[in-house]
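Asks: Below is one structure. I have some questions about it.
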Amino acid sequence: MSDQPSLGKIHRNKHFNASILLLSLLLALVWLNLTTGATPISSKEIVQFMFGGELSDKGWETILLHYRLPKTITAIIVGSGLSVCGLSLQSYFHNPLAGPFVLGISAVSSLGVAILLAFAGSIGYFAWGSWAVAGASILGAMVALSIILLASFRIGSKAKLLIIGVMLTSFSGALLIYFEQMQDQRALQAFINWSFGNIATQLDQLPFLIIPVIAGLILLLISSKELNLFLLGEEYAKTLGASTIKLKFIIVLCSSIIVGCITAFCGPIGFIGIAIPHLTRMIFRTYNHFILIPAVALCGACLLLACDIVCQLPAKAIPINAVTALIGAPIVVWVLLKYNHEASY
């Protein structure tokens, strides 16, 4: 009997080690997010505060509890949600460039918010606790994803499907300009700032963001087996007993809710959904969604936390989208070069 470890055991050990490293990185980035900012707070003070002690400056408590802690939690939820949505869309469409931002889902979701504010501006200039704003954003995401799904039945080419996503983004952008002009100056400025991406949510808003996103992620994780079968092709997945109609419904529902809620609270955040799945596959060397979905969520949370730290380094904080684009754009170029022959996924 051989003493050599099996290949499966070696892979499991590698996945476990990579997961531990990512969790350690996540904790380190959370700590940096709590200590970094215009007002530096020492690690000693934070540890003391966590164990029931008082901070030497009363203002620091407000900064921690009402700004940095909610922002850190939001970065974890947003990074995880967008990344897993990108993974499920790439697997479903067999397209390495599929993602909420590229397929126009984020853009149409933003359009839903703009239309709502244009006709119901009295709701209070981005009262993000309102279900109306989240509902408009989710509805916009659902419309965009439904258009892409319907187009996928008629169009077999990945490139043409991406072009439809780009056209959706352009069309939504044109309508956004129109509806922006219907708002007063104060609401218009709030909308423009929101469109740059902002993860600085309020503490009382977090349940409205966390609960739908976590529910969507759990549902996608439960669908890991079907997503794995879809990698072999839709027809082959059917022969193995996968319910393709059910999976389509789950992907539409979960992606719309996750992207819609995130866009409503944080604005359209680009490149996370398309870049993170590729980085995670490189690290874990697997296409098994039962492993990939938690791993992608961890990587997405780490990257967005790192981007938020970079945003705080200048004297004046810069929008999160500026940093995600700097990281995500080179990855998109790399993916285009790697899959220049439309290799099957």
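Asks: Mind counting the residues in segment 241-294 that are touching a Lys or Arg at 6+ places or on another chain (Cβ under 9 Å) and small (Gly, Ala, Ser)?
Replies: Of the residues in segment 241-294, 1 are touching a Lys or Arg at 6+ places or on another chain (Cβ under 9 Å) and small (Gly, Ala, Ser).
Asks: When you scan segment 267-277, do you find a residue that is touching a Pro at 6+ places or on another chain (Cβ under 7 Å), assigned to a helix (DSSP H, G or I) and within 14 Å of CYS85 (Cα to Cα), even just one?
Replies: Here is the first cut: in segment 267-277, the residues touching a Pro at 6+ places or on another chain (Cβ under 7 Å) are 273.
Going one step further and asking which of them are assigned to a helix (DSSP H, G or I), we end up with 273.
In the following step, the residues that additionally are within 14 Å of CYS85 (Cα to Cα) were identified as 273.
Yes, segment 267-277 contains at least one residue that is touching a Pro at 6+ places or on another chain (Cβ under 7 Å), assigned to a helix (DSSP H, G or I) and within 14 Å of CYS85 (Cα to Cα).
Asks: Would you confirm whether or not segment 170-177 contains a residue that is surrounded by 13 or more Cβ atoms within 10 Å (Cβ to Cβ), of a type in the set (A, V, I, L, M), assigned by TED's automatic domain parsing to the domain that holds SER109 and assigned to a helix (DSSP H, G or I)? Spell out the reasoning first.
Replies: First, pick out the residues of segment 170-177 that are surrounded by 13 or more Cβ atoms within 10 Å (Cβ to Cβ): 171-173, 175-176.
Subsequent filtering for residues that are of a type in the set (A, V, I, L, M) retains 175-176.
When the remaining residues are screened for being assigned by TED's automatic domain parsing to the domain that holds SER109, the result is 175-176.
Next cut, assigned to a helix (DSSP H, G or I) only: 175-176.
So far as segment 170-177 goes, yes, one or more of its residues are surrounded by 13 or more Cβ atoms within 10 Å (Cβ to Cβ), of a type in the set (A, V, I, L, M), assigned by TED's automatic domain parsing to the domain that holds SER109 and assigned to a helix (DSSP H, G or I).
Yes/no per residue for (1) among the hydrophobic types (A, V, I, L, M, F, W, C); (2) under 16 Å from SER256 (Cα atoms); (3) in contact with a helix residue (DSSP H, G or I) (Cβ under 8 Å, 6 or more places away or on another chain):
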site: PHE51; (1), (2), (3): yes, no, no
site: THR62; (1), (2), (3): no, no, no
site: TYR67; (1), (2), (3): no, no, no
site: ILE76; (1), (2), (3): yes, no, yes
site: PHE93; (1), (2), (3): yes, yes, yes
site: PRO100; (1), (2), (3): no, yes, yes
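Asks: Any idea how many residues of segment 307-330 are under 23 Å from LEU23 (Cα atoms), surrounded by fewer than 21 Cβ atoms within 10 Å (Cβ to Cβ) and under 16 Å from the mean Cα position of the chain (by Cα)?
Replies: Qualifying residue count, segment 307-330: 1.
Asks: Taking helices (runs of 4 or more DSSP H) that do not extend beyond segment 7-100, which have at least 1 residues that are out of contact with any strand residue (DSSP E or B) (no Cβ under 6 Å at 6 or more places or on another chain) and crowded, with 21+ Cβ neighbours inside 10 Å?
Replies: Numbers: elements: 7-35, 43-50, 58-63, 69-93.
Passing ranges, in order: 7-35, 69-93.
Asks: Looking only at segment 160-186, count every residue that is of a type outside the set (S, T, N, Q) and either modelled with pLDDT under 75 or within 17 Å of PRO96 (Cβ to Cβ) (or both) and tell me the total. First the steps, then the outcome.
Replies: Within segment 160-186, the subset of a type outside the set (S, T, N, Q) is 160-168, 171, 173-180, 182, 184, 186.
Adding the requirement that they be either modelled with pLDDT under 75 or within 17 Å of PRO96 (Cβ to Cβ) (or both) leaves 160-166, 180, 182, 184, 186.
Qualifying residue count, segment 160-186: 11.
Asks: Residues LEU247, LEU292: which one is part of a helix (DSSP H, G or I), under 17 Å from GLY86 (Cβ atoms), over 12 Å from the mean Cα position of the chain (by Cα) and modelled with pLDDT under 90?
Replies: Numbers: LEU292 fails: modelled with pLDDT under 90.
Selected residue: LEU247, the only one of LEU247, LEU292 that is part of a helix (DSSP H, G or I), under 17 Å from GLY86 (Cβ atoms), over 12 Å from the mean Cα position of the chain (by Cα) and modelled with pLDDT under 90.
Asks: Looking at (1) assigned by TED's automatic domain parsing to the domain that holds MET142; (2) touching a residue at least 40 places away in the same chain (Cβ under 8 Å), find the lone condition where ASN288 falls short.
Replies: So ASN288 meets the others, but not (1).
Residues are listed down the side, and each one gets a yes or a no for (1) closer than 20 Å to SER83 by Cα; (2) out of contact with any Lys or Arg (no Cβ under 9 Å at 6 or more places or on another chain); (3) assigned by TED's automatic domain parsing to the domain that holds LEU145:
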| position | (1), (2), (3) |
| --- | --- |
| PHE179 | no, yes, yes |
| GLN185 | no, yes, yes |
| LEU188 | no, yes, yes |
| ILE192 | no, yes, yes |
| ALA200 | yes, no, yes |
| LEU206 | yes, yes, yes |
| LEU209 | yes, yes, yes |
| LEU220 | yes, yes, yes |
| LEU231 | yes, yes, no |
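Asks: Any idea which of SER130, SER110, SER157 is of a type in the set (Ser, Thr, Tyr) and modelled with pLDDT of 85 or more?
Replies: None of the other options fit; the residue is SER110.
Asks: Please tell me if LYS58 is over 21 Å from the mean Cα position of the chain (by Cα) and at pLDDT below 75.
Replies: Numbers: over 21 Å from the mean Cα position of the chain (by Cα): yes; at pLDDT below 75: yes.
Spelling it out, LYS58 is indeed over 21 Å from the mean Cα position of the chain (by Cα) and at pLDDT below 75.
Asks: Could you please tell me which pairs satisfy a Cβ distance under 9 Å, a separation of 6+ or placement on different chains, a first residue in segment 310-328 that is free of Cβ contacts under 8 Å to residues at least 60 places away in the same chain, and a second residue that is of a type in the set (D, E, K, R)?
Replies: Filtered contacts from segment 310-328: VAL323/ASP308.
Asks: Right, another one. Filter segment 194-222 down to the residues that are buried (at least 21 other Cβ atoms within 10 Å of the Cβ) and assigned to a loop (DSSP other than H, G, I, E, B), then identify the one that is farthest from the chain's Cα centre (by Cα).
Replies: It comes out as THR201.
The values are calculated or read from the model by the stated rules, or taken from the named source; none is laboratory data. Given the structure is predicted, the values throughout are model-derived calculations rather than measurements. When we count neighbours, we look across all protein chains shown, and the Cβ atoms used for this are built from the backbone with ideal geometry, even at glycine.
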